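Reviewing the structure listed below.
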Amino acid sequence: MKNLYEVFVRPLLFSLDAETAHHATMRLLSGASHFGAALRALRSCQPASKPRTLFSLNFPNPVGLAAGLDKNGVALPAWAALGFGFIEIGTVTAKAQPGNPKPRIFRFPDQQALINRLGFNNDGADAIAQRLRALRESGRWPAVPVGINIGKSRATPLEQATGDYLYSFRLLRDFADYVTLNISSPNTPGLRELQEPTKLSELLLALGNEAGTSPKPLIAKISPDVSGAELKSILAVCEENGVSGIIATNTTLDHSSIPPQLDQPGGLSGAPLRDKSTALVREIAARSAIPVIASGGICDAESAREKFQAGAQLIQLYTGLVYRGPQLLREIMGKL
Ligand SMILES: Cc1cc2nc3c(=O)[nH]c(=O)nc-3n(C[C@H](O)[C@H](O)[C@H](O)COP(=O)(O)O)c2cc1C
């Protein structure tokens with residue numbers, strides 16, 4: 001049976017192009033974030049809490065918002081009011097950047113999938129740090145863990161990536177309960193090369209040395225397209241450098257589920273990514289003690305349960321929310 005979002009809201013949003021619908025939703029949630037009455041209304045649909053503790057942080061439930069939906073951190077109170085157990089904002093880059101030319105998000109309703117090639121459009125670390133500071137001072141900071149996902153600015157050459165990540169890290173770490181290093185988006189040329197052992201070591205060492213007096217858990221977000229051998233070396237480097245967690249996975253370049261005449265360049269997310277991403281979660285959990293946060297193709301309670309059974313400690317949603325709405329959260333929580 002369809003839920004209220006699927007019957008009433010999705011047809012309206014899907015009558016708009018994907019990015020316009022995204023901005024309309026974000027304007028609404030960002031607006032709601034400023035009003036106590038609106039937040040109370042959103043809270044009325046909150047699922048019951050199912051607490052978890054990880055990285056010494058308390059999560060009211062294990063279902064989080066994946067990076068990319070709230071890139072600029074404009075709606076943190078609204079996400080918490082909707083019932084997310086944690087919120088990951090970003091990807092934030094050191095420099096503000098417009099991203100790739102539009103159109104750059106494509107829906108595939110028959111496959112419950114999206115392809116995006118946004119290319120880290122975001123306001124940049126300085127503006128986002130300022131926004132987060134204002135939110136903290138307003139007293140509306142959410143009562144759930146907040147992760148900040150950082151990536152490389154497009155204009156920065158790959159050889160200078162470490163300095164670029166460090167810039168964002170220094171500005172944003174005080175606002176983050178954990179920091180995710182996005183080394184796996186397919187839409188910034190060369191970014192995935194940061195998963196190679198030498199480059200990854202350099203990045204992790206530099207950020208580890210910056211930790212200071214109150215170190216924040218560092219999480220690496222990896223691609224579903226890595227080979228077994230690549231995964232093995234990523235895990236070894238992460239273990240050597242004390243990485244706290246791994247997010248598996250980002251979007252895939254495997255578009256075999258999409259009819260060729262409809263295909264678009266970019267990263268594929270949603271239902272077709274489910275199996276590949278679950279397989280990686282299972283492999284990481286079998287090979288390493290590093291906790292896994294699962295992301296990829298969670299569109300119902302069954303696909304969520306599959307991630308936990310594969311060994312995930314927490315899960316994150318993106319494409320499932322576009323197709324199923326916030327009701328998905330309650331559906332998953334109801335069957336956990
Ligand atoms: C439109 C769109 C934008 C995204 N932007 C980001 C991003 O900026 N940073 C990031 O780490 N992941 C980003 N992702 C990847 C998601 O966080 C998630 O890992 C991936 O989509 C798989 O989960 P899903 O199948 O539930 O969507 C994006 C995904 C989509 C669909």
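Among the numbered conditions (1) crowded, with 16+ Cβ neighbours inside 10 Å; (2) out of contact with any helix residue (DSSP H, G or I) (no Cβ under 8 Å at 6 or more places or on another chain); (3) small (Gly, Ala, Ser), the only one that GLY139 does not meet is (1).
Mind telling me which of the residues LEU28, LEU39, LEU12 ends up being of a type in the set (A, V, I, L, M), free of Cβ contacts under 8 Å to residues at least 24 places away in the same chain and surrounded by 13 or more Cβ atoms within 10 Å (Cβ to Cβ)? Of the residues listed, the single one that is of a type in the set (A, V, I, L, M), free of Cβ contacts under 8 Å to residues at least 24 places away in the same chain and surrounded by 13 or more Cβ atoms within 10 Å (Cβ to Cβ) is LEU28. Considering only segment 238-258, I want to know if a residue exists there that is away from the ligand (no atom under 16 Å from the Cβ) and buried (at least 22 other Cβ atoms within 10 Å of the Cβ). Yes, segment 238-258 contains a residue that is away from the ligand (no atom under 16 Å from the Cβ) and buried (at least 22 other Cβ atoms within 10 Å of the Cβ).
Residue by residue, here is whether (1) out of contact with any strand residue (DSSP E or B) (no Cβ under 6 Å at 6 or more places or on another chain); (2) under 21 Å from GLY36 (Cβ atoms) holds:
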site: ASN61; (1), (2): yes, no
site: GLY64; (1), (2): no, no
site: GLY68; (1), (2): yes, no
site: ALA75; (1), (2): yes, yes
site: GLY83; (1), (2): yes, yes
site: THR91; (1), (2): no, no
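Under the condition of being of a type outside the set (A, V, I, L, M, F, W, C) and more than 17 Å from the chain's Cα centre (by Cα), the residues counted in segment 100-122 number 10. So, ALA21, is that one more than 16 Å from the ligand (Cβ to nearest atom), farther than 19 Å from ALA127 by Cβ and free of Cβ contacts under 8 Å to residues at least 12 places away in the same chain or not? In short, no.
Within segment 276-301, how many residues turn out to be within 11 Å of the ligand (Cβ to nearest atom), surrounded by fewer than 24 Cβ atoms within 10 Å (Cβ to Cβ) and either assigned to a helix (DSSP H, G or I) or of a type in the set (Phe, Trp, Tyr) (or both)? Number satisfying all stated conditions: 1.
Of the residues making up segment 104-128, those that are in a loop (DSSP other than H, G, I, E, B) and within 8 Å of the ligand (Cβ to nearest atom) number 2.
Within segment 208-226, the set of residues being hydrophobic (A, V, I, L, M, F, W, C) and under 16 Å from the mean Cα position of the chain (by Cα) comprises LEU218, ILE219, ALA220, ILE222. Here LYS232 qualifies as part of a helix (DSSP H, G or I), in contact (Cβ under 8 Å) with a residue 12 or more places away in the chain and surrounded by fewer than 18 Cβ atoms within 10 Å (Cβ to Cβ).
Conditions tested, residue by residue: (1) away from the ligand (no atom under 16 Å from the Cβ); (2) part of a helix (DSSP H, G or I).
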{"residue": "MET26", "(1), (2)": "no, yes"}
{"residue": "SER30", "(1), (2)": "yes, yes"}
{"residue": "LEU42", "(1), (2)": "yes, yes"}
{"residue": "PRO47", "(1), (2)": "yes, no"}
{"residue": "THR53", "(1), (2)": "yes, no"}
{"residue": "ALA80", "(1), (2)": "yes, yes"}
{"residue": "LYS95", "(1), (2)": "no, no"}
{"residue": "GLY99", "(1), (2)": "no, no"}
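For segment 79-97, the count of residues that are touching a helix residue (DSSP H, G or I) at 6+ places or on another chain (Cβ under 9 Å), surrounded by fewer than 16 Cβ atoms within 10 Å (Cβ to Cβ) and at pLDDT 95 or above is zero. Being within 14 Å of the ligand (Cβ to nearest atom) and surrounded by fewer than 19 Cβ atoms within 10 Å (Cβ to Cβ), is that true of even one residue in segment 266-275? Checked segment 266-275: at least one residue is within 14 Å of the ligand (Cβ to nearest atom) and surrounded by fewer than 19 Cβ atoms within 10 Å (Cβ to Cβ). Of the residues GLY190, GLY151, only one is in contact with a helix residue (DSSP H, G or I) (Cβ under 6 Å, 6 or more places away or on another chain) and not aliphatic (A, V, I, L, M); which? After applying the criteria, what remains is GLY190.
The values are calculated or read from the model by the stated rules, or taken from the named source; none is laboratory data. Predicted, not measured: the structure shown is a model, and the values here were computed from it. Cβ sites come from the backbone with ideal geometry, for glycine too, and all protein chains shown count toward neighbours.
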